[in-house]
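Okay, structure first, notes after.
The values are calculated or read from the model by the stated rules, or taken from the named source; none is laboratory data. Source: prediction; values computed, not measured. We place every Cβ from the backbone using ideal geometry, glycine too, and count neighbours over all the protein chains shown.
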Amino acid sequence: MYAMTSYFAMPEDTDWDEMRRLAQQRAVPYQSVPGMRSKAFIVDTERRLYGANYVGESKEAGDEFLESDLFRGIVERLGQPDLHVMEIPAYLEEGKIVFLADMSNVSESADA
């Protein structure tokens, strides 16, 4: 599994209530993105950031999403985001472990 965080730097005069409405409107089409396990729309008014935290089934699914019309649409509207993609070794939902990466192919450090 992989996580991706995207942040759009927003101008000082951003209407944050409008950004919250935009997130609610855009939530509907995200229900059917292949390989996407979850998405949290995020707003940070102090740092003027709008974005999302994604969890996907694979890095390939995330790469395909970044090439999709859905992602291109928000980039056209808000500009290129700052993107961070990371591996997920363990994942919980509602306090329950739902994913643990297969660590059998990972070598242990001599210091461990």
*Of GLU87, GLU76, which residue is more than 18 Å from ALA40 (Cα to Cα), modelled with pLDDT of 95 or more and surrounded by fewer than 11 Cβ atoms within 10 Å (Cβ to Cβ)?*
GLU76
_So in segment 1-47, with the set limited to residues that are of a type in the set (Ser, Thr, Tyr) and under 30 Å from PRO89 (Cβ atoms), which one is nearest to the chain's Cα centre (by Cα)?_
THR5
*At least 1 residues that are free of Cβ contacts under 8 Å to residues at least 40 places away in the same chain in each: list the strands (runs of 3 or more DSSP E) lying fully within segment 1-93 that qualify.*
36-44, 90-93
